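Let me begin by presenting the structure, written as structure tokens, before commenting on it.
The values are calculated or read from the model by the stated rules, or taken from the named source; none is laboratory data. Note that the structure is predicted; figures quoted are calculated from it, not measured. Here Cβ is always computed from backbone atoms with ideal geometry, including for glycine, and neighbour counts include all displayed protein chains.
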């Protein structure tokens, strides 16, 4: 029996559909990956702002994750908005059960349950609403961040995680070293908050982990790649962070390596912004066009897919 490439998004719901779990599902679907979901919170929002957040009980969040993991076996998982410490703890404890789990010996035909974990540390909305409670940050850093294959903070989020201001590229490198030391294997710091017509994102990896295949996180980093992107003159930027992280998740699910997944995801997002730049949805920051070039659902193969140069 054939299977699709699959991914799981754990994130908050956006009632206007441009960000959050709605943007994740649209992105994954557009990139040919079967999307499953676990809703971590329900937001009241539109293109002008966030007006309320309703917590989903932690056991319900865990239950959603377990239901997907035990049945669909996603190749990659993306975590977006996680609002409170209890939910963060529940997600971390649930995922730990699957991180190193091998197929049951009595079910040798079952697929492996190893997966890539991408965390987009959503903390504050574009309109200034706090999406992660202040007292949840320490739990996030201690319990969830060390599980990440890749962390994708923007400049303000990286400043919070690293505990230092970022004003230039050297500051980005220092912040990346601090974040890597917290436990994640790779960090992509997005430079979109810097002024200028060309935006740069910086990928760093835990050098010791990658070279020695060890679990120590010493802060010894290697700058793996720099991704350039032109600024598009539009206010339709709602959900761009969610879209990028879920696009990276999709390409990783399809077998791309980290650098290729990020490069392809950046290209997809740039095209989505360009395709939706002149379309009016709402009175504030509208969404990108996730379906500017939709792809069919891809069938899982025995070998990783080699990235198609036409997708970059």
Quiz item: So how many residues does the range 9-51 have that are in a loop (DSSP other than H, G, I, E, B) and surrounded by fewer than 18 Cβ atoms within 10 Å (Cβ to Cβ)?
Solution: 2
Quiz item: Any idea which of (1) at pLDDT 95 or above; (2) within 12 Å of residue 10 (Cα to Cα); (3) in contact with a helix residue (DSSP H, G or I) (Cβ under 8 Å, 6 or more places away or on another chain) is the one residue 83 doesn't satisfy?
Solution: (1)
Quiz item: Within the set of pairs 6+ apart or on separate chains, which have a first residue in the range 143-159 that is on the phi > 0 side of the Ramachandran plot, a second that is surrounded by fewer than 19 Cβ atoms within 10 Å (Cβ to Cβ), and C-beta atoms under 9 Å apart?
Solution: none
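Here's the yes/no breakdown for (1) modelled with pLDDT under 95; (2) surrounded by 15 or more Cβ atoms within 10 Å (Cβ to Cβ); (3) part of a loop (DSSP other than H, G, I, E, B); (4) touching a strand residue (DSSP E or B) at 6+ places or on another chain (Cβ under 7 Å):
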{"position": "217", "(1), (2), (3), (4)": "yes, yes, yes, yes"}
{"position": "223", "(1), (2), (3), (4)": "yes, no, no, yes"}
{"position": "227", "(1), (2), (3), (4)": "yes, yes, no, yes"}
{"position": "236", "(1), (2), (3), (4)": "no, yes, yes, yes"}
{"position": "246", "(1), (2), (3), (4)": "no, yes, no, yes"}
{"position": "252", "(1), (2), (3), (4)": "no, yes, no, yes"}
{"position": "264", "(1), (2), (3), (4)": "no, yes, no, no"}
{"position": "270", "(1), (2), (3), (4)": "no, yes, no, yes"}
{"position": "294", "(1), (2), (3), (4)": "no, no, yes, no"}
Exercise. Could you pull out the residue among 65, 39 that is under 15 Å from the mean Cα position of the chain (by Cα), over 24 Å from residue 268 (Cα atoms) and modelled with pLDDT of 95 or more?
Key: 39
Quiz prompt | Any hit, the range 52-63, residues being free of Cβ contacts under 8 Å to residues at least 12 places away in the same chain, in contact with a strand residue (DSSP E or B) (Cβ under 8 Å, 6 or more places away or on another chain) and surrounded by fewer than 23 Cβ atoms within 10 Å (Cβ to Cβ) | solution = yes
Quiz item: Limited to the range 243-258, what total is found for residues that are under 14 Å from residue 152 (Cβ atoms) and out of contact with any helix residue (DSSP H, G or I) (no Cβ under 6 Å at 6 or more places or on another chain)?
Solution: 3
